[in-house]
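Since the structure comes first, as C-alpha cells, the remarks are kept for the end.
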Amino acid sequence: MAHQPAATGHGEILRFEAVTKRYGGVVALAGIDLTVNKGEFLTLLGPSGSGKTTLLNVIAGTIAPSSGRLWLKGRDITDVPSSQRGLGMVFQNYALFPHMTIFENVAFALRVRRMSQDQIARKVAEVLEIVSLPHVAQRRPRELSGGQQQRIAIARCLVYNPDLILMDEPLGALDKKLREQLQLEIKRLHANLGVTILYVTHDQEEALVMSDRVCLMNAGQIEQLGRPHELYFRPATMFSADFLGESNIVPAASRDEGGVRMVATAAGMRFACHDAPPPGESFSIMIRPENLTLHRAEAPADALPGVVDEIIFSGGTTRLRIALGDGIRLSVTRLTSKDDREIDRGLAVSVGWSPRDIVILRG
Amino acid sequence: MVVFLVPTVAFLCISFLVPLVVLVTTSFGEPLWTLKNYAELVSRPLYFIVFRNTLEISLLSTAFTLLAGYPVAYHLARQSERRRALLIILVLLPFWTSILVKSFAFTVLLGQNGIINTFLASALGEQARVPLLFNRVGVVIGMAHFLLPFMIFTVLASLLNQNPDLRKAAEIMGSGRIRIFCRITLPLSMPGVLAGSLLCMILSMGMFITPALLGGRGDIMISNLVDFHVRETLDWNVAAALAMCLIGITAILTFMLSRVRGGQLFDTAH
Amino acid sequence: MIQPGPRPARSKSPLSSAVAIVAWFTYGFLILPSLIIIPISFGDKDELIFPPESFSLYLYRKYFTESNWIDATLESLKVAVLSTGLSLLLGVSVAYALSRLEFRGKKVLTLFVLSPMFVPSIVLALALYLYLGSARLTGTTLGMTVSHTIVTMPFVVVTALAGLRHIDRNLEIAATVMGAGRMMVLRTVTLPLLRPTILVGGLFAFLMSFDEVVVSYFISNVRQQTLPVKMYSSIHWEISPVLAAISSLLTLLSLAICLATIALRKRSA
C-alpha cells in the first residue's frame, strides 16, 4: 500500500524508510515505509506473525533491520544502540524489576540520567500521582495487582519524557473489564500529556478505541493505514474488511448500461456505481451487518427476500443470519428488542440495504 | 564482550587443554610418536582382564542401580508436591555426601568384623559370616550407592514429564493399574531409563575411589590400573594410553547419551 | 500431579504397595551410611563399635587436637575458597557471554567450556599430574586451586546458564531502552537477579572442591595434603576411628549445603 498523508498536522517524530527484516528465507518485514507524528497515538494492528512486534523491536533497537533506515527526530538511528535512542517501552508482562521497590523502578531512568536526589524524588512522586498510585512507592512489584503493575510500568516511561513510547500489547495479560478501564486511562494520559505512543495489539477493538491512526499489518507489509473510522468503513482490501469487525463480503460483477456503470451482486443487489471496476473484472463488495435492516412487512422495493437461518443473541445486540438462496447468507446486526422473541428460524423476512454503505473491494 | 570470554577461555586452554595434549603425547611417547604403549595394552592378558572387569562391574552396578532406583523414581513421581520435596532430601543427601564418607561407612558396615557380619555371627553363629568387602559385592554395593541419585533424578524427570491425563484417560477407559503401568508409564519413561543407564555407565567406567577402597586386590578396574602404573611401575606412557582408552569409551557413551531424548546430563543437579 | 489430601487413594493398589516397599528399602539403603556413621562417631574408644557402648566426644576432641588432620582441613578450606571464587568469576562471566551475547562458534565454545565435565576424573588427574609435575606445581596451593577450578567451573557454568535462562529478557531490554548501557544493565539488573543462582553455584563448587579426592590424590604430595586425600590414605592403609568424627562433620556440612541450595532455589522460583 502507498502511504497516506499524516492525519494530524504536527511534525514528524519517527520515519521508516524501506525497512526490511529477513530471517533466512523468511521475510518478517517487507520494505516498511511509515511516518509517526509528534503527539500521535499510532497503533500497529495485525494477526500474530504479521510483523507488528518485529517492527516495534526494530524501533526499540533489539532487532537490527536487514536493510532500510530508521529516523528519529531527523536523526538516523538505524545503527544507534538501544540505550542511546531515548525511547520508552511498556511490555505485556510489565517487566518491572522484581528486586527493586516501585520507587526505584520509576527512578531507574532518572538515575541513568544522573539527576539529583531531590529532582528524582520530586519527579517520581509527580508521576505516581499522575497514574493515581501515590501510596505504593515503597512496595515491591509482586505486591501489586496486574493493573497496578502496568500503571507503574507506564509511569516508569512517563517520568523521563521519552520522545516516543512503545507499548507492546500492554493490556494483553489483563481481564476484559480491567483492560477496557486501562484503555481509557492510557487514552486520557495520551490526551493530557501530549506524548507520542506507538502501540501494538492484535485486538481490533482496542485499536479502534484508542488510536489516532491505525496501521494494519499483514504478512510483513502495511495493509492499510488510516484513521479508525476510515479503516472500518472504507477498508481498502479484503483483508482489512475481514480483519476489522464483522462484515458481509459478496462477489459482484459490473455492466455498462447506457453510459451508467451498474453493479450486480450475488446477493441480488443492483445499483449504479461509477467507480466500480470495468466489466469483466471480478471483485467483491462489503457491507457491515449493522448497515443492513430487517423487514417483516412493508419492505422497501429493493429489499432482498430471505429466510432466518440462525439467531445469535449477545446481549445488547442480536445478529441474524439470513439465507438468501444460492448459498448466500448475510449477517444483520440490530439492537436487541423484546419483540425479537417472535423471530424464529425459518421465518420469511427481507433485508433492506443502501448503496451508500457498500464498499467495493478490488482483487 | 572480550572481557567476559577471554579470561575463561585462556584459563581453560592453559590449564585444561594443554594438560590433555601432554596426556596424548605421553600416550604416544618414549620415543615420541610410537604405538608401543597401545600395543602393550593389546598384547598382555592383564589388560584384557581389567577391561573386562571394568565392563562387568559397570554393567552390574548399573543394572542394580536401575532395579533399585526405578521404584524410587516412580514412588517420588506419585507423591504430592510437598511429600516429594521431603522425600527427595533422602536422595539428595547421599548425592551431596563425600564419596570417602560413604566408602568409610561401607568398610565399617561390610567388613569381616563389620556391623552386618557381627550381627550375622551373633544371630546364626560364626560360620554365618559372609565376605562382603574387598570383593565384587562390596564394589557393586558402593558403586550403586554412588550412582542411585543420578539414576533416580533422570528417571524422575522423565516420569514427571508425562502428561498425567494419559493415565487418567486409560483409567476411564477401564484399564487396570498394572496395565496402565505396563502400557503407558513404563514405555514413556524408557528414554529416561536409557539416559539414566548410560549416565551410570559413564560414571562407573571411570570410577576410582570405590574399587580402590571396597574392591578386591585382584579385581581392579581401569582407573586403578592407571594409578598402579603411576605409583608402582612409574610407567607414565602406559598409564596415559590407558587413560586415552577410558576417554574413548566415555566419549562413545556420552555421544550415545546426547542422542537419547531427555538425556540432559545437567538435570542431575536439581 | 495434584492430589488432594495427604494419602492418595491409589496407594492401596498392590502395584503401589510393592513399589512403596522397594522404594523405602532403597531410601533406607541411601541414608544407611549417614545413619551408622553418626552414632559411631560418639564412641569413646580407639576402635569402631556399633552401637557404641557409651557416648562421648572423644573422637571429635581427637580430630580437633591432632594437628595433621587440622592442617589438612585448613588446606582443603583454603583451596575450596580460592577455587570457588575463581570458578564463580570465570564461570559466571562466560555463562553471561554464552547466553546474552551474539557471536560465531557459540556451540563449540559451550561444549569446550563444559568439556571438563565429560572427562573421567582419573584421566583429568593423570593429565594434570603430568602437566603440573613438569611445571613443578604438584603439591602447591596454586596447582591444587587451578585443578579444582577445572573440576568445579563447568558446574557453575551450567547453574549460571540455567539461572540466566530464567531471567526475563524483557527486564534487561526495559533497562536498556531506559538508557542503561550493557555494564549498567549487568550491574543493576542481571547480577542482582542472578544472585541466588550464583550462591547455589558457589555452594556447589565449594562442596565439590572440599570433597574432591581423585585429582587431589594425584597432584598432592606429603607436604601438602587436602582432607579427602588424607582420609583416602587413612581408609586405604589403617582405618582410624577419627574418620567417624570427620565423616559425621562432613555429612553435616553436606546436609547444610543441600538444604541451603533447596531454600535458595525455592526463593528464586
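Which numbered condition trips up C:Val81, out of (1) at pLDDT 95 or above; (2) buried (at least 18 other Cβ atoms within 10 Å of the Cβ)?
(2)
For segment B:132-172, what are the residues that are on the phi > 0 side of the Ramachandran plot and assigned to a helix (DSSP H, G or I)?
Result: no residue meets the conditions.
Is there any pair linking a residue in segment B:65-82 that is over 17 Å from C:Leu15 (Cβ atoms) to one that is part of a loop (DSSP other than H, G, I, E, B), with Cβ under 7 Å and at least six apart or on different chains, and which?
Matching pairs, first to second residue: B:Ser80/C:Gln3; B:Ser80/C:Pro6.
Please verify whether C:Leu15 is modelled with pLDDT under 85, facing chain B (nearest Cβ under 8 Å) and assigned to a helix (DSSP H, G or I), treating the condition exactly as stated.
yes
For the list (1) surrounded by fewer than 17 Cβ atoms within 10 Å (Cβ to Cβ); (2) outside any loop (DSSP other than H, G, I, E, B), I need the number of the one condition that A:Ile322 fails.
(1)
Report whether or not B:Gln79 is surrounded by fewer than 21 Cβ atoms within 10 Å (Cβ to Cβ), of a type outside the set (A, V, I, L, M, F, W, C) and within 30 Å of C:Ile235 (Cα to Cα).
Here the answer is no, as B:Gln79 does not meet what is asked.
Within segment A:246-255, count every residue that is closer than 10 Å to A:Met286 by Cβ and surrounded by fewer than 19 Cβ atoms within 10 Å (Cβ to Cβ).
Result for segment A:246-255: 1.
Keeping to segment A:1-38, report how many residues are outside any strand (DSSP E or B) and modelled with pLDDT of 85 or more.
The total comes to 4.
With touching a helix residue (DSSP H, G or I) at 6+ places or on another chain (Cβ under 9 Å), under 20 Å from C:Phe155 (Cβ atoms), of a type in the set (Ser, Thr, Tyr) and at the interface with chain B (Cβ under 10 Å from one of its Cβ atoms) as the only criterion, which of C:Thr261, C:Thr226 stands out?
Only one candidate passes the filter, namely C:Thr261.
Please list, ordered by first then second residue, the pairs with beta carbon atoms under 6 Å, 6 or more apart or interchain, first in segment B:1-28 and at the interface with another protein chain (Cβ under 7 Å from one of its Cβ atoms), second not in a helix (DSSP H, G or I).
Listed by first residue and then by second, the contacts come to B:Met1/C:Leu101.
For segment C:94-102, check the following and say yes or no: at least one residue is within 7 Å of chain B (Cβ to nearest Cβ) and polar (S, T, N, Q).
Within segment C:94-102, none of the residues are within 7 Å of chain B (Cβ to nearest Cβ) and polar (S, T, N, Q).
Does at least one position in segment C:232-244 carry a residue that is farther than 17 Å from B:Thr107 by Cβ and of a type in the set (A, V, I, L, M, F, W, C)?
no
For segment C:198-212, which positions are surrounded by fewer than 24 Cβ atoms within 10 Å (Cβ to Cβ) and not in a helix (DSSP H, G or I)?
Hits for segment C:198-212: nothing passes.
Could you please find all residues in segment B:42-76 being away from chain C (no Cβ under 14 Å) and crowded, with 20+ Cβ neighbours inside 10 Å?
Matches in segment B:42-76: B:Asn53, B:Ile57, B:Thr62.
Residues checked against (1) buried (at least 23 other Cβ atoms within 10 Å of the Cβ); (2) polar (S, T, N, Q); (3) within 12 Å of chain C (Cβ to nearest Cβ):
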{"residue": "B:Ser98", "(1), (2), (3)": "yes, yes, yes"}
{"residue": "B:Leu110", "(1), (2), (3)": "no, no, yes"}
{"residue": "B:Ser122", "(1), (2), (3)": "no, yes, no"}
{"residue": "B:Val130", "(1), (2), (3)": "no, no, no"}
{"residue": "B:Asn135", "(1), (2), (3)": "no, yes, no"}
{"residue": "B:Val139", "(1), (2), (3)": "yes, no, no"}
{"residue": "B:Leu147", "(1), (2), (3)": "yes, no, yes"}
{"residue": "B:Ile152", "(1), (2), (3)": "yes, no, yes"}
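Quick check on segment C:160-173: of everything there that is over 18 Å from the mean Cα position of the chain (by Cα) and more than 11 Å from chain A (Cβ to nearest Cβ), which residue is surrounded by the most Cβ atoms within 10 Å (Cβ to Cβ)?
Looking at residues that are over 18 Å from the mean Cα position of the chain (by Cα) and more than 11 Å from chain A (Cβ to nearest Cβ), I get C:Leu164.
Can you find a residue that is facing another protein chain (nearest Cβ under 8 Å), buried (at least 22 other Cβ atoms within 10 Å of the Cβ) and within 30 Å of A:Leu166 (Cβ to Cβ) anywhere in segment C:104-120?
no
Among (1) without any contact (Cβ under 8 Å) to a residue 60 or more places away in the chain; (2) touching a Cys at 6+ places or on another chain (Cβ under 9 Å), there is one condition A:Ile77 misses while meeting the rest; what is its number?
(2)
List the helices (runs of 4 or more DSSP H) inside segment B:13-131, counting only whole elements, that have at least 1 residues being aromatic (Phe, Trp, Tyr).
The qualifying helices (runs of 4 or more DSSP H) are B:36-43, B:45-77, B:81-96, B:99-110, B:115-124.
Using beta carbons and a limit of 7 Å, which pairs, at least six apart or on different chains, have the first residue in segment A:339-363 and touching a residue at least 40 places away in the same chain (Cβ under 8 Å) and the second one β-branched (Val, Ile, Thr) and in a loop (DSSP other than H, G, I, E, B)?
Taking only residues 6 or more apart or on different chains, the pairs are A:Leu361/A:Thr237; A:Gly363/A:Thr237.
Give the residues of segment C:229-241 that are in contact with a Ser or Thr (Cβ under 9 Å, 6 or more places away or on another chain), more than 9 Å from every other protein chain (Cβ to nearest Cβ) and closer than 18 Å to C:Ile122 by Cβ, sorted by residue number.
C:Val229
Given the conditions (1) over 26 Å from the mean Cα position of the chain (by Cα); (2) buried (at least 16 other Cβ atoms within 10 Å of the Cβ); (3) within 10 Å of chain B (Cβ to nearest Cβ), which single one is not true for C:Tyr58?
Unmet condition: (3).
Among the listed residues C:Thr149, C:Thr176, C:Thr190, which satisfies the condition of being of a type in the set (Ser, Thr, Tyr), within 7 Å of another protein chain (Cβ to nearest Cβ) and out of contact with any strand residue (DSSP E or B) (no Cβ under 6 Å at 6 or more places or on another chain)?
Only one candidate passes the filter, namely C:Thr176.
From B:Leu203, B:Leu147, which residue is touching a Cys at 6+ places or on another chain (Cβ under 7 Å) and among the aliphatic types (A, V, I, L, M)?
B:Leu147
Yes or no: A:Leu182 in contact with a Pro (Cβ under 9 Å, 6 or more places away or on another chain), closer than 21 Å to A:Asp212 by Cβ and away from every other protein chain (no Cβ under 14 Å)?
yes
Residues in segment A:104-111: is at least one in contact (Cβ under 8 Å) with a residue 60 or more places away in the chain, within 31 Å of the chain's Cα centre (by Cα) and closer than 19 Å to C:Thr176 by Cβ?
The answer is no, given that none of the residues of segment A:104-111 is in contact (Cβ under 8 Å) with a residue 60 or more places away in the chain, within 31 Å of the chain's Cα centre (by Cα) and closer than 19 Å to C:Thr176 by Cβ.
The values are calculated or read from the model by the stated rules, or taken from the named source; none is laboratory data. Being a predicted model, the structure only gives us computed values, none of them experimental. With ideal geometry, Cβ positions are generated from the backbone for all residues, glycine too; neighbour counts draw on all protein chains shown.
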